[in-house]
Amino acid sequence: MKTLEVHCLGTAGYHPNETRHTSCYFLPQSGVLLDAGTGIFRLPELIQTDHLDILLSHAHLDHVVGLTFLLDILYQRPVKEVRVWGQAEKLAAIQEHLFHESLFPVALPVSWHSIDEQSEWDLQGTKMSWRLQEHPGGSVAYRLEAARPDSTSSDSPAVLVYATDTLGAEDAETLQWMSGADLLMHECNFDDQNQKWAEKTGHCYLQKALQIAVQTQPKRLLLTHINPVAELQLDGEVPSLQCPIEIATDGLRVAF
C-alpha cells in the first residue's frame, strides 16, 4: 500500500538560522499545510492540489509570518481556493495586526475559518480534529486522518498528530486522542538540561516528549520546533518506545 508524505519546509522555533526556517509542514497529496512560518517559501513546487488548507496552531509570529509570503507563492503556483484555519481569536489577531494596512496593505486571496464551532472538520476528504494545549496565549494540536493512495474503503486511514508549542499534555483524554498515530510530530524545543526554560516558556523538553510518545505508541516519532541556537541531540535509547525517532530537518520528507 502506498504511503502519504509530510515535507518539512521549516523546522525551527522562534527564528530561522542558516539551516532551519520556522515552522511549516506540508502534505502535498492532501493540500494541507501545518503552520505558516518562514519555511513556507519552499511551497510552490510541491503543490499538487487545486486547493490549500492552512492549519495554524496559534498566532505567534514564527508560525504565521509566512502568510505574508502567499502573494508570491500563489503567483508562482495558482490554486482555486486557500482556506486558513485556527481559533477565532487568533485569526482575528492575525488579520488585525499582521495584515494591518500599515504593515501589509494588500488583501490576501484567502478565506478565514474558525475551528471553534466543531471539534472535527472535513478538509477536502482529510478528517481534521483538534485539542487545546497549554502554551502562552494558547495553542492547539491537530490530528489528521487521510486515505492512503490506492486504498479501498475498508483500509484504515493514515493518521498524523501535530503537537507543537505545548508544555506537553499527559492527561488521559488527550493521550487517548493522540494514540494510534502513524506519525506523531511533537515539539521538542529544549533538551533535558533546560527543562525549567521549557516550562517557563510553555514548550516541551526531550524526556517529556519521549514520555508522551511512550504513552501514545506512534509508529514513528518526529521531533519538531527545534531550538535554532542549540541543536537537539538524541542520547541513549527509550526501552519502552519501539518506533523510529527522528529530529526534523528542513527538506526532510517523512512517509507515514
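The values are calculated or read from the model by the stated rules, or taken from the named source; none is laboratory data. Computed from a predicted structure; not experimentally measured. Note that each Cβ is placed from the backbone with ideal geometry, even for glycine, and that neighbours are counted across all protein chains shown. The protein model used for the area step is the full one, side chains on, heavy atoms only, and it has no ligands, DNA or RNA in it. Shrake-Rupley method; radii C 1.70, N 1.55, O 1.52, S 1.80 Å.
Which of the residues belonging to the range 55-66 are of a type in the set (A, V, I, L, M, F, W, C) and part of a loop (DSSP other than H, G, I, E, B)?
Listed by number, the residues that qualify are 56, 59.
Return the residues of the range 186-211 that are touching a residue at least 40 places away in the same chain (Cβ under 8 Å) and closer than 16 Å to residue 132 by Cα; say none if nothing qualifies.
The answer is 187, 202, 203.
Run residue 235 past the list (1) in contact with a helix residue (DSSP H, G or I) (Cβ under 9 Å, 6 or more places away or on another chain); (2) among the acidic types (Asp, Glu); (3) closer than 21 Å to residue 15 by Cβ; (4) open to solvent by 70 Å² or more (accessible area, probe 1.4 Å) and report the number of the one that doesn't hold.
The number of the failed condition is (3).
Which of the residues that make up the range 187-203 are open to solvent by less than 50 Å² (accessible area, probe 1.4 Å) and within 18 Å of residue 236 (Cβ to Cβ)?
188, 190
Condition first: closer than 17 Å to residue 134 by Cβ, within 17 Å of the chain's Cα centre (by Cα) and free of Cβ contacts under 8 Å to residues at least 60 places away in the same chain. Can you find one or more residues in the range 216-237 that meet it?
no
May I ask you to verify whether residue 255 is touching a strand residue (DSSP E or B) at 6+ places or on another chain (Cβ under 7 Å), over 19 Å from residue 23 (Cβ atoms) and open to solvent by 10 Å² or more (accessible area, probe 1.4 Å)?
Against the criterion (touching a strand residue (DSSP E or B) at 6+ places or on another chain (Cβ under 7 Å), over 19 Å from residue 23 (Cβ atoms) and open to solvent by 10 Å² or more (accessible area, probe 1.4 Å)), residue 255 qualifies.
Which residue is nearest to the chain's Cα centre (by Cα), if the candidates are limited to the range 22-41 and must be touching a residue at least 40 places away in the same chain (Cβ under 8 Å) and either assigned to a strand (DSSP E or B) or surrounded by fewer than 23 Cβ atoms within 10 Å (Cβ to Cβ) (or both)?
34
Restricting the range 207-232 to residues that are over 19 Å from residue 38 (Cβ atoms) and touching a Gly at 6+ places or on another chain (Cβ under 6 Å), which is least open to solvent (accessible area, probe 1.4 Å)?
Looking at the filtered set, the residue picked out is 212.
Can you confirm whether the range 2-21 contains a residue that is under 28 Å from residue 133 (Cα atoms), in contact with a strand residue (DSSP E or B) (Cβ under 9 Å, 6 or more places away or on another chain), open to solvent by 20 Å² or more (accessible area, probe 1.4 Å) and assigned to a helix (DSSP H, G or I)?
Checked the range 2-21: no residue is under 28 Å from residue 133 (Cα atoms), in contact with a strand residue (DSSP E or B) (Cβ under 9 Å, 6 or more places away or on another chain), open to solvent by 20 Å² or more (accessible area, probe 1.4 Å) and assigned to a helix (DSSP H, G or I).
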